[in-house]
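K.L.:
Sharing a structure below in structure tokens format, with a few things to ask.
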Amino acid sequence: MMRSLRTQLSLSILLVVLVTVALISVFSNWFINREFEDYITKQEQTRSENIVSDLGVQYNSFTHSWNQDFLHTIGMYALYESYILKIYDVDGNLLWDAENHDMSKCWQVMDEISLRMEKWKQDGGFVSHTYDIEKDGQRIGSVSITYYGPYFFSENDFRFINTLNIVLLTIGILAGFFSVVVGSLLARRIARPVVKTAYIAKQISKGNYDIRFESETNTRELDALVSAINHLASALNEQENLRKQLTTDVAHELRTPLAAVSAHLEAMLEGVWEVTPERLSGCHEEVQRLGNLVADLERLAKVEGDNLRLNKSQPDLLEVARAAFDTLEAEGAKKKLTVSVRGESSFVCADRDRMLQVVINLLSNAIKYTPEGGAVNVDVTDTEVNGIIRVKDSGIGISEEELPHIFERFYRTDKSRSRQTGGSGIGLTIAKSIVAAHGGTITADSKVNKGSCFTVAIPKK
Ligand code: ADP
């Protein structure tokens, strides 16, 4: 059966409190009763002994007689304390008998005690003990004391023990009541954020990514849950925006070359334009550019999605830089650039192939955006925590306003667009994603017409 968190918590707390109170009641009751019964039993014995010694005092050794008045007083006094006396002289003659004096009082005492002790669930009954009365070491008579045994409670005793039990019971009931109140308040405090989080999660699953959990719960675990949900919502929101942005960007990037090719082909088909090898090759170039764009997009999807699985080893960045140089050496030579690789070995914790891709992207940009006769230099330095690659060129540079945007997808500076260098604006985005996946940084410094310097730092551990 499914129960709410609130009910479960309240019930658990109630159960714990009830068991605790019950245990305390049972044990304290048992202990106090035992001690109290012990005390009462001892008290009764002392009382019997006192009666016997009081009686002995009443005997006059000279006249060998008893003071009847005092015997009567002692007997009646004892009767009111629920001891029924029968006093005999040394020869066994009855001197004083409670039953003879006040029969009805005796019955009343017996009834009251029996009733009281039955309530107490004490199995007992009236018992008689006979004690010798002595004076100066001489037996002068005897007394039979009848009382409820093994022990009995006087009115006051009974009231005391009853009050004690009532106090314990009251404490139990109050504690139970408070436990229910506190339990339900506590449960409410815990359950409310959980219920709200569940609601928010549901909203998120419906695509409502703007929803957030505002209030603090003051409970560490619940706060963690809440912030995880908020984080999830914002991450999904970001993903969603990225997805929308990407679709728009791709559509935008594809539209222009497609429109151009389509217009040119249409013109040739309709005979407006004569079909010449130059025009066909123009179309062919555009189609190739589209092909390159699609290939770049595929690479971007690989590094930007969750699919970027790094195959980490300890590659030497200097060796990586040389490999990139080998790949692009011919291009540099074509533009009569002086391309060089310098620096020291630096072993970092990285995926070698991905790092090679980063350096190739940077180096090919440097070659692409440096006019003939310029210089491109790759420099590797080793610091305590990072391996650093700098790709420097003496090329066209990037303006201050455009510099912050060059790592954005499809971004190309006006200068590079006008030069028709054919880039799709994805190379740096890919480089940045790879570097970020390694926990590294990539930065760019540039001055228009002076050249640019891209710096990549990759952690060694
Ligand atoms: P692309 O394929 O167009 O080169 P990138 O993402 O690699 O795309 O670069 C984005 C833009 O940044 C380029 O179009 C260019 O305008 C600029 N850029 C990148 N590297 C350099 C550089 N070394 N010198 C000047 N401009 C650069």
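K.L.:
Relative contact order for the chain: what is it in percent, counting Cα pairs under 8 Å that are at least 6 residues apart?
P.N.:
It comes to 10 percent, rounded to a whole number.
K.L.:
Would you please give the FRET efficiency between Glu221 and Glu118, computed as 1/(1 + (r/R0)^6) with r the Cβ-Cβ distance and R0 = 41 Å, to the nearest 0.05?
P.N.:
The calculated FRET efficiency here is 0.10.
K.L.:
Lysines within cross-link reach of Lys119: Cα-Cα under 29 Å, excluding same-chain residues under 8 positions apart?
P.N.:
The reachable lysines, counting only those whose Cα sits under 29 Å from Lys119, are Lys42, Lys86, Lys105.
K.L.:
Hey, another quick one. For segment 5-163, give the percent of accessible area contributed by carbon and sulfur heavy atoms, probe 1.4 Å, rounded to a whole number.
P.N.:
Summing carbon and sulfur atoms, their accessible area is 56 percent of the total for segment 5-163.
K.L.:
Can you give the accessible area of Arg243 in Å² (nearest 10), computed on protein heavy atoms with a 1.4 Å probe?
P.N.:
Surface accessible to solvent at Arg243 totals approximately 130 Å².
K.L.:
Could you give log10 I(q)/I(0) at q = 0.14, 0.18 Å⁻¹ for segment 5-163, computed by the Debye formula over C-alpha point scatterers of equal weight, without solvent?
P.N.:
For segment 5-163 at q = 0.14, 0.18 Å⁻¹, log10 I(q)/I(0) is -0.77, -1.07.
K.L.:
With a cut-off of at most 12 other beta carbons within 10 Å, and DSSP calling the residue loop, which GluC sites (Glu not before Pro) in segment 148-236 qualify? Please list them.
P.N.:
For GluC sites (Glu not before Pro) across segment 148-236 that sit outside H, G, I, E and B with at most 12 neighbouring Cβ atoms in 10 Å, the list reads Glu214, Glu216.
K.L.:
At 1.4 Å probe size, with no ligands or nucleic acids counted, give the accessible surface of Met110 in Å², nearest ten.
P.N.:
40 Å²
K.L.:
Normalised by the number of residues in segment 5-163, what is the relative contact order in percent for Cα pairs under 8 Å and 6+ residues apart?
P.N.:
Computed over segment 5-163, the figure is 22 percent.
K.L.:
Something else about it: What shape does segment 228-362 take by its C-alpha gyration tensor, where a ≥ b ≥ c are the square roots of the eigenvalues and a/c under 1.5 counts as rounded, a/b above b/c as prolate, and the rest as oblate?
P.N.:
Cα axes put segment 228-362 in the oblate bin.
K.L.:
Still on this structure, please answer the following. Using a Förster radius of 51 Å, what is the FRET efficiency between Gln43 and Leu18 based on their Cβ-Cβ separation? Nearest 0.05, please.
P.N.:
Working: r = 36 Å, r/R0 = 0.70.
Between Gln43 and Leu18 the formula returns 0.90.
K.L.:
Over its Cα atoms, what ratio of radius of gyration to 2.2 N^0.38 Å does the chain give?
P.N.:
2.33
K.L.:
Determine, from the Cβ-Cβ distance of Asp210 and Glu384 and an R0 of 51 Å, the FRET efficiency 1/(1 + (r/R0)^6), rounded to the nearest 0.05.
P.N.:
Here the calculated transfer efficiency is 0.70.
K.L.:
In square angstrom, rounded to the nearest 10, how much accessible surface does Tyr199 have for a 1.4 Å probe?
P.N.:
120 Å²
K.L.:
Then there is this: Which part of segment 206-220 falls in the paramagnetic zone of Arg189, meaning amide N under 20 Å from the point 7 Å along Cα-to-beta-carbon?
P.N.:
Residues passing the 20 Å test: 214-220.
K.L.:
Let me ask something else about it. Per residue, how much accessible area does segment 344-434 show when a 1.4 Å probe rolls over the protein heavy atoms, in square angstrom? Numbers along the way, then the final one.
P.N.:
On the way: 3810 Å² over 91 residues.
I get 42 Å² per residue for this part.
K.L.:
Any chance you could run the full-extension gain for Tyr131 through Gln68? It's 0.36 nm times the residue separation minus the Cα-Cα distance, nm to one decimal.
P.N.:
20.8 nm
K.L.:
Stretched out fully, how many nm does the piece from Asp97 to Leu280 gain, at 0.36 nm a residue minus the Cα gap?
P.N.:
51.3 nm
K.L.:
Let me ask something else about it. What is the dipole size for segment 257-401, taken about its Cα centre, with +1 at each Lys and Arg Cβ and -1 at each Asp and Glu Cβ, in debye to the nearest 20?
P.N.:
360 debye
The values are calculated or read from the model by the stated rules, or taken from the named source; none is laboratory data. Given the structure is predicted, the values throughout are model-derived calculations rather than measurements. All Cβ positions, even for glycine, are placed from backbone atoms using ideal geometry, and neighbour counts span all protein chains on display. In case anyone asks, the SASA skips ligands and DNA or RNA and just uses the protein heavy atoms, side chains included. Shrake-Rupley method; radii C 1.70, N 1.55, O 1.52, S 1.80 Å.
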